[in-house]
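The values are calculated or read from the model by the stated rules, or taken from the named source; none is laboratory data. Keep in mind the model is a prediction, meaning the values are calculated, not measured. Virtual Cβ from ideal backbone geometry, glycine too; neighbours counted across all protein chains shown. Accessible surface areas use protein heavy atoms only, side chains included; no ligands, DNA or RNA. Shrake-Rupley method; radii C 1.70, N 1.55, O 1.52, S 1.80 Å.
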Amino acid sequence: MSARVVVVGSANLDLVVTAPQLPRPGETVLGEDFRTVPGGKGANQAVAAARAGADCAFVGAVGADEFGQQLRDNLVAAGVDVRGLRTVPGPSGVALIGVDRAAENFIVVAPGANAALTDLDAADGAAIGAADVLLLQLEVPLTTVVEAAGRARAAGTTVVLNAAPAAPLPADLLGLVDVLVVNEHEAAVVAATAPGEPAVLLDALLELVPRVVLTLGARGAAYADRRGARLEIPAPRIAAVDTTAAGDAFTGALAVGWAERGAARDGDAVAAVLRWACAAGAACAQRPGASTALPDRAAIEDLYAATYRGAP
Ligand code: ADP
C-alpha cells in the first residue's frame, strides 16, 4: 500500500518576470519574459510527495479567480487528492517575483486565500487521522497549523513540520512536532541562536523537539534525535542548475520515506529515508524551474541508486 501523506498548507501562484536589472524603489524597468509557476510550500510539498509515490491529500485554500483554478488543476495533474482544497471569495495567494541576470531576486508574497484557511472540518480531521504522516509548513495561519498537528497527535499520525518561512515556534506547536525539518537559517531562527555549526544547531533544536532534520544544501543533510542518534548524509554530487524548490522536493520525499519505512521505529531506516530525501532534493536541483522540477519516483530512485549504492 502507498504511503499516506496529508499536507495542510499554502498554494500560491508565482508570477515571475526576468529583467536585466531589478528596479529600485520608484523605478520602472523593462522586463524580458514572464511566466506563471504554481508554488507555495504546501502545494509544492504535496506535489513532491505525490510524485515520490505517496497517496497524498492537500488541505488548503485558493481564491475564486483564474489563478485558483490553475493551482487546483496543477495539484490534480500531479495526482493529489484535492477534496480538502477550498475555494474562497477573493484572490488566490500570489508571489510576485523579479529575477535579474545575476539571478538576484525580489519576492513579494500576498497570502490571499491562504489567510482564509482558519478552520479544519470533520473531513480534514478524518484524512489527517487516516494518514501515516501529516506534513506542515508556516505559510498558513499558525492556529490552523497547531490545530492540524493536534488532530494528528490525537490519531497517532506522525507530524513533520518544515519551519519555513523561518519563525520562532510557540510551545503549543513544539509539543506536537515529531520531526522538525529546517535549513541552517531556519534552524537558527527556531532555536533563537546565532548561525553556527550543524551539531550545535541540532543540540539546540533537540531541546525543543524530539527529532530534527537539518538540510545543508550541497553538503546534504544531518539528523539528530533524543534517543542519541546522529547522522550525516552527504548529498549526491550533481551539477546544480536551479536549487529553487530543492527544499520542497527534499521535505516531500522525506515524508514519503518516513511513512513507508516507519522510520520512527528503526535507526537504519532513518538513514535510508535521509538518503532518499537527499536524492530528491538533488534531482530537483539538477533541473531548471521550481515546482516544475520536482522529481518523480523513478528520478529519485535512479539518483539514489547511483549515489548510495551498497547502502541500505
Ligand atoms: P532550502 O532550499 O530549503 O534552503 P537546501 O538548500 O538545504 O534547502 O536544500 C535541500 C536539500 O536539497 C539538501 O539537503 C540537499 O539534499 C539537496 N540539495 C540542494 N542543493 C544541492 C546541490 N547543489 N547539490 C546536491 N544536493 C542539493
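Quick check on my filter: what residues within the range 261-307 are touching a residue at least 40 places away in the same chain (Cβ under 8 Å) and not in a helix (DSSP H, G or I)?
Gln286, Arg287, Pro288, Gly289, Ala290, Leu294, Pro295, Asp296
Of all residues in the range 234-266, which are among the aliphatic types (A, V, I, L, M) and more than 8 Å from the ligand (Cβ to nearest atom)? Steps first, please.
So the first thing to find is which residues in the range 234-266 are among the aliphatic types (A, V, I, L, M), and the list is 235, 238-241, 245-246, 249, 253-256, 259, 263-264.
Once the filter is applied, which keeps residues that are among the aliphatic types (A, V, I, L, M) and more than 8 Å from the ligand (Cβ to nearest atom), the range 234-266 yields Ala239, Val241, Ala253, Leu254, Ala255, Val256, Ala259, Ala263, Ala264.
Can you name every residue in the range 270-302 that is closer than 16 Å to Ala3 by Cβ, touching an Asp or Glu at 6+ places or on another chain (Cβ under 9 Å) and open to solvent by 10 Å² or more (accessible area, probe 1.4 Å)?
Passing the criteria: only Trp276.
Please count how many residues of the range 229-241 are farther than 20 Å from Ile300 by Cα and open to solvent by 60 Å² or more (accessible area, probe 1.4 Å). Before the answer, list the steps.
Restricting attention to the range 229-241, the residues satisfying the condition of being farther than 20 Å from Ile300 by Cα are 229-231.
Still in the running and open to solvent by 60 Å² or more (accessible area, probe 1.4 Å): 230.
Matching residues across the range 229-241 total 1.
For the range 82-136, enumerate the residues that are loosely packed, with under 13 Cβ neighbours inside 10 Å and acidic (Asp, Glu).
Glu104, Asp119, Asp121
Okay, residues lined up against (1) aromatic (Phe, Trp, Tyr); (2) in contact with an Asp or Glu (Cβ under 6 Å, 6 or more places away or on another chain); (3) open to solvent by 10 Å² or more (accessible area, probe 1.4 Å); (4) under 25 Å from Gly310 (Cα atoms):
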{"position": "Val179", "(1), (2), (3), (4)": "no, no, no, no"}
{"position": "Gly196", "(1), (2), (3), (4)": "no, no, yes, no"}
{"position": "Gly220", "(1), (2), (3), (4)": "no, no, no, yes"}
{"position": "Arg227", "(1), (2), (3), (4)": "no, no, yes, no"}
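Any residue in the range 176-189 that's farther than 24 Å from Arg153 by Cα: show its pairings with residues that are in a loop (DSSP other than H, G, I, E, B) at Cβ separation under 7 Å, as long as the two are six or more apart or on different chains.
Close Cβ pairs (under 7 Å, with a partner that is in a loop (DSSP other than H, G, I, E, B)) amount to Glu184/Pro195; Glu184/Leu216; His185/Ala166; Ala188/Ala194; Ala188/Pro195; Val189/Ala166; Val189/Ala167; Val189/Pro168.
What's the number of the only condition in (1) modelled with pLDDT of 95 or more; (2) under 30 Å from Val241 (Cβ atoms); (3) out of contact with any Asp or Glu (no Cβ under 8 Å at 6 or more places or on another chain) that Pro168 fails to meet?
Against the list (1) modelled with pLDDT of 95 or more; (2) under 30 Å from Val241 (Cβ atoms); (3) out of contact with any Asp or Glu (no Cβ under 8 Å at 6 or more places or on another chain), Pro168 comes up short only on (2).
Just a yes or no: is a residue in the range 246-253 open to solvent by less than 30 Å² (accessible area, probe 1.4 Å) and more than 21 Å from Asn162 (Cβ to Cβ)? Full working, then the answer.
Our first condition is that a residue be open to solvent by less than 30 Å² (accessible area, probe 1.4 Å); within the range 246-253, this holds for 246, 248-253.
Of the ones still in play, those that are also more than 21 Å from Asn162 (Cβ to Cβ) are none.
No, the range 246-253 has no match at all.
I'm told Arg227 meets every condition in (1) at pLDDT below 95; (2) in contact with a helix residue (DSSP H, G or I) (Cβ under 6 Å, 6 or more places away or on another chain) except one. Can you identify the failing condition by its number?
It is condition (2) that Arg227 fails.
Residues that are within 13 Å of the ligand (Cβ to nearest atom) and over 25 Å from Ala166 (Cβ atoms): does the range 201-215 have at least one?
No, because not a single residue in the range 201-215 is within 13 Å of the ligand (Cβ to nearest atom) and over 25 Å from Ala166 (Cβ atoms).
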